[in-house]
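I have placed the structure first, in the form of structure tokens, so that the comments after it can refer back to it.
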Amino acid sequence: MQVNDAPVVRFTNVEELFDDINDTDQDLLIVINVSPKDFTKIQREREKRRRKFRFRRYNVDAQVLFITVTTGLHETLHAELYQLFRKPIVLNDWCKSWVSLGATTFHYQGSPRAPIGEGDSTGGPSPERRGRGKWPTLVILSRVTATIDQLRKDMQWWFPASNHDVKIVLLAKFDHRQSCVLIERGEERIPHLQGPITRRRHAAILQQNDALEPVKRQTITITRDETTDPVSYNVAGGPLVLEFRLLFLRDPSLEDRDVVINIEDLKDFGMWAWEMAS
């Protein structure tokens, strides 16, 4: 059984699930009939075997577990993009103000009985987001076989799950069919409202997190041109710009600026992805 090209299996026992993970050639596996008790068993066995697959999302009520099956290309997409993000962090001497959180497990709005999710690369400002239970402001998610629509659903989950503590979600998708790398930047915005927007009304809306909606702010497409010698890479929609205020939760000083991943770095990112894919 498959849903949107992702294989679906029914959980029976831990051993069979690990066999399913080993056998799949997809980077997304949907597991149904996973009770909270079963999920705890899977967690413990993952730690025991030191397996690197991730719990993309676990919905307790629906008893559905989405597993990210990591591959070399999948890891390259999120890890290299995060390193490019880190480059201006280092150059601007912001290292002491930023903490990398990796693939930490996060519980929906902090409740241990609520749905959980794990990003691929995550980080946030320090000390504000350092410590147990603190959510990142930046989440990076990568996929190869999973569809871009599935990735967008993941992006939409992170904002309400974190009680809107997550501010930016980056999606990195290698598309074999279109022969391109797609990067999308998702944020939240206040929906279009009727009537005059006074300063007081705007402030009140910002305090009502439920009024916020996830939107796609930027799309970047990286393509490979094999007609040139050497092979070259073209970037449309760049550079990638991440707002300082959303990342660090404060207004920038005169010395601060937005984090920008420039065109040349994005071309290198595309080259690394194709090298891993070939």
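The values are calculated or read from the model by the stated rules, or taken from the named source; none is laboratory data. None of these values were measured; they are calculated from a predicted model. We place every Cβ from the backbone using ideal geometry, glycine too, and count neighbours over all the protein chains shown.
Taken as a whole, the structure leaves SER100 outside the set of residues that are surrounded by 21 or more Cβ atoms within 10 Å (Cβ to Cβ) and within 20 Å of ILE183 (Cβ to Cβ).
At least 3 residues being under 26 Å from ASP258 (Cβ atoms) and assigned by TED's automatic domain parsing to the domain that holds LEU249 is the threshold, and among the strands (runs of 3 or more DSSP E) wholly inside the range 6-109 those reaching it are 98-100. When GLY117, GLY124 are checked against the criterion of being at pLDDT below 95 and either part of a strand (DSSP E or B) or in the same structural domain as PHE53 (by TED's automatic domain parsing) (or both), a single residue qualifies: GLY117.
Take the range 49-66 and flag every residue that is surrounded by fewer than 21 Cβ atoms within 10 Å (Cβ to Cβ) and among the aliphatic types (A, V, I, L, M). Result: VAL60, ALA62, VAL64. Looking only at the range 148-176, residues that are acidic (Asp, Glu) and assigned to a strand (DSSP E or B) come to 1 in all. If you check PRO230, PRO214, PRO252 for being at pLDDT below 95, in a loop (DSSP other than H, G, I, E, B) and either within 17 Å of the chain's Cα centre (by Cα) or closer than 30 Å to SER126 by Cβ (or both), only one passes: PRO252. Which residues, taken from the range 25-34, are modelled with pLDDT of 95 or more and among the polar types (S, T, N, Q)? The answer is ASN33, and nothing else. Out of all the residues in the range 6-17, is one or more under 21 Å from ALA114 (Cα atoms), at pLDDT 95 or above and of a type in the set (Val, Ile, Thr)? Taking every residue of the range 6-17 in turn, none turns out to be under 21 Å from ALA114 (Cα atoms), at pLDDT 95 or above and of a type in the set (Val, Ile, Thr). When VAL241 is tested against (1) touching a strand residue (DSSP E or B) at 6+ places or on another chain (Cβ under 8 Å); (2) at pLDDT 90 or above; (3) more than 30 Å from LYS96 (Cβ to Cβ), exactly one condition is not met: (3).
Okay, residues lined up against (1) touching a residue at least 60 places away in the same chain (Cβ under 8 Å); (2) surrounded by fewer than 17 Cβ atoms within 10 Å (Cβ to Cβ):
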residue: THR219; (1), (2): no, yes
residue: GLU226; (1), (2): no, yes
residue: GLY238; (1), (2): no, no
residue: PHE248; (1), (2): yes, no
residue: ARG257; (1), (2): yes, yes
residue: TRP272; (1), (2): yes, no
